[in-house]
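Just below is one structure, and these are the notes that go with it.
The values are calculated or read from the model by the stated rules, or taken from the named source; none is laboratory data. The structure presented is a predicted model; accordingly, all values stated were derived computationally and were not measured. Because the Cβ atoms are built from the backbone with ideal geometry, glycine has one as well, and the counts that use them run over all protein chains shown. We work out accessible area using only protein heavy atoms, side chains counted, and drop any ligands, DNA or RNA first. Shrake-Rupley method; radii C 1.70, N 1.55, O 1.52, S 1.80 Å.
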Amino acid sequence: MKILVDELKDYVGKEITFSGFVDAIRDKKWVMFVILRDNTGKLQMTIEKSEEKNQELLEIMANTTVESTVKVTGLLQENEAVKLGGMELIPSKIEITSKAEPLPFDFNNLDGVNIDTRMDFRWLDLRNEKNMLVRQIESCFIEAMRDFLYKNRFTEIHTPKLIGAASESGSSVFKVKYFDRDAFLAQSPQFYKQMAMAAGMNRIFEVAPCFRAENSNTNRHATEFTSFDLEFSYIDSYEDVMSLEEDLLIAGLTKVKEEYGERIKEVFGNEVIVPKKPFPRMRLQDLYQELHDRYGFDIPKEDIGDMNAEAEKLTFKLAQEKFDSEFMFVVDYAATKRPFYHMRDENGKLQGYDLIWRGTEITSGAQREHRYDELVKNAKEKGLGKDVEFYLQFFKYGCPPHGGFAIGVDRLTMLLTGLTIKETQFLFRGPNRLEP
Ligand code: AMO
């Protein structure tokens, strides 16, 4: 594999081959400076014009455009005067591996560039240092959460995304042709996470796409998003589920802060705050009351028993003011507003929660109903019939009590950086966006 810019310090004084993009060409009277770039940084290549042996190299570079890719062999020498890492590459051979046409926009300065143009040319948009950083931050966050789960003996699984029936609610499912019948794109791995519990797998997780036919153009909805889903067995209550989520997020944010805290502050102006356990929790009714008393907010009739975007925003404000926290667990949602697979206690109280971070819901979680008869009753109540028959079978042959949750990965990254979901996803998918 090629040497990365941030590994170059190990090669000072040596002959190396370096490949990368041509970031800039500065053609001076006596010397040509070529800035080379990869995803980890920039390197200066210096070609002295007075030297006879350099004439061929100068000609190659004179015929090269910025954003072309090159493979350069030469001496990496120390030079304190060079701002880029105090080193420069003195080439003896340059090969152009790909020549770039003039670019449709300057990705280094995205101010005023239409977001749709940026999306049309997303691979160029991603060359922007800030956008490159977003990818690295997300990868770091996921790595830390994966590591935490592996350490706690979770098994990573891969569930099908082509399924025979809607898994969350029929209204937001994508239907696709499947030979001589219809299939659906998985809205979540919910049923299969639970199948793994029925199989006795005990602790599982999955990081995978979810598809939702939501025709909404908000800053936080996509029709395809990445979900960090997990499920585990032998819990006593949904408190166990919330507690695990706290540990998981603390592990993720600790690593992100360590590795990217400074950069995130510098580039996005956001502080990475590692939360303390336990995160504050509020019952929905108490929350409504506080939002009313403090901010004069009343939940609209149609959303009673649930949250809406405005309530989530104000919940962030409340969490900061009252608990000095960026997070808030909200519990006691109305059973009518929640999926049938959430457990209810003997009084009908829902054993599930949402987690709000910086004013946006990032997670739903719950203890699940694992008792076959209760589950059948809940499904019936919601008018679910044939579609969930296969799922109900999972609970017939012994199934441990269990629970789990799903974190929207795109939303995590979006809230860390303060960008919109369009700018955050590697390649956004929305009602009007299927290409590239
Ligand atoms: P829910 O439907 O709340 O729960 O989804 C879980 C999390 O996924 C994210 N999310 C989205 N992100 C971007 N665009 C969307 N359209 C979108 N929809 C949801 C949110 C949300 O909190 N099966 C349950 C989870 C569980 O109980 O384990 C579920 O899917 O961050």
| request: Pop out the carbon and sulfur fraction of the accessible area of region 321-436 as a percent, whole number, probe 1.4 Å. | output: 51
| request: Pick out which of Ile90, Ile273, Ile157 has the largest mean-square fluctuation in a Gaussian network model of the chain, springs linking Cα atoms closer than 10 Å. | output: Ile90
| message | What distance in nm lies between label points placed 7 Å from Cα along the C-beta direction at Ala81 and Asn63? | response | 3.1
| task | Evaluate the relative contact order of region 198-239 (contact order divided by residue number), counting alpha-carbon pairs under 8 angstrom at least 6 apart; express in whole percent. | result | 47
| field | Cα-centre dipole for the chain with unit charges at Cβ (Lys and Arg positive, Asp and Glu negative), debye to 20 | value | 620
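To the nearest 20 debye, what is the magnitude of the charge dipole of region 5-98 about its Cα centre, counting +1 on the Cβ of each Lys and Arg and -1 on the Cβ of each Asp and Glu? Spell out each step's value before the answer.
Details: 12 positive and 17 negative charges, 41 e Å.
Once rounded to the nearest 20, the dipole reads 200 debye.
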| Taking θ as phi - 60°, what are the ³J(HN,Hα) couplings along region 8-14 by the Karplus curve (6.51, -1.76, 1.60), each to the nearest whole Hz, with x for Gly and Pro? | 5, 4, 6, 10, 4, x, 10
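Where only protein heavy atoms count, and the probe is 1.4 Å, what is the accessible area per residue for region 5-98 in Å²?
On the way: 5140 Å² over 94 residues.
That works out to 55 Å² per residue.
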| note | In whole Hz, the Karplus estimates of ³J(HN,Hα) for region 67-72 (6.51, -1.76, 1.60; θ = phi - 60°; x where Gly or Pro) are 6, 5, 10, 9, 10, 10
| request: Please name which of Cys399, Ser139, Thr360 has its Cα lying farthest along the dipole of the chain towards the positive end, using unit charges on Cβ (Lys, Arg +1; Asp, Glu -1) and the Cα centre as origin. | output: Cys399
| said: For the pairs Lys53/Lys83; Lys277/Lys337; Lys175/Lys396; Lys9/Lys83; Lys177/Lys382; Lys130/Lys257, flag any whose C-alpha to C-alpha distance is greater than 20 Å. | reply: Lys53/Lys83; Lys277/Lys337; Lys175/Lys396; Lys177/Lys382
| query | Which residue fluctuates the most in the chain, going by a Gaussian network model with Cα springs under 10 Å, if the choices are Gly385, Gly252, Gly112? | reply | Gly112
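So with the 1.4 Å probe, I'd like the accessible area per residue for region 103-237, rounded to whole Å².
On the way: 6660 Å² over 135 residues.
It amounts to 49 Å² per residue over region 103-237.
Between beta-carbons, use under 12 Å as the cut-off and find the net charge around Val376, counting Lys and Arg +1, Asp and Glu -1. All intermediate terms of the calculation are to be shown ahead of the outcome.
Details: positive: Arg371, Lys377, Lys380, Lys382, Lys396; negative: Glu369, Asp373, Glu374, Glu381, Glu389.
Here the count lands on 0.
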| query | Residues with amide H under 5 Å of Thr65's amide H, sequence separation 5 or more or different chain, H placed in the peptide plane at 1.01 Å from N; which? | reply | Ala100
| message | Give me the percent of accessible area attributable to carbon and sulfur for region 1-129, probe 1.4 angstrom. | response | 50
| request: Would you mind checking which residues have amide H under 5 Å from Met45's amide H? H placed 1.01 Å from N; only 5 or more apart, or other chain. | output: Val34, Ile35, Leu36, Leu89
| Gain upon complete extension [Lys380, Phe174; 0.36 nm per residue less C-alpha separation] | 71.8 nm
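If each DSSP helix of 4+ residues adds -39,500 (n - 2.57) and the sum is divided by the residues in the chain, what number results at 222 nm, nearest 500 deg cm²/dmol? It would help to have the intermediate numbers written out before the result.
Numbers: 12 runs with 136 residues, N = 436.
That comes out to -9500 deg cm²/dmol.
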| remark: When the charge dipole of the chain is computed with +1 on Lys and Arg Cβ and -1 on Asp and Glu Cβ about the Cα centre, the Cα farthest towards its positive end, among His292, Leu253, Ala379, belongs to Ala379
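So if I average 1/r over every pair of distinct C-alpha atoms in the chain and take the inverse, what Kirkwood radius in Å does that give? Walk me through the intermediate numbers first.
Values: mean 1/r = 0.0402 Å⁻¹.
In the chain this quantity evaluates to 24.9 Å.
Please state the relative contact order of region 56-157 as a whole percent: Cα pairs under 8 Å, 6+ residues apart?
Over region 56-157, the number comes to 20 percent.
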| message | Compute a Gaussian network model of the chain, connecting alpha carbons closer than 10 Å, and tell me which residue from Met414, Met242, Met45 fluctuates the most. | response | Met45
| task | For the chain, calculate the relative contact order in percent as a whole number, restricting contacts to Cα pairs under 8 Å that are 6 or more residues apart. | result | 13
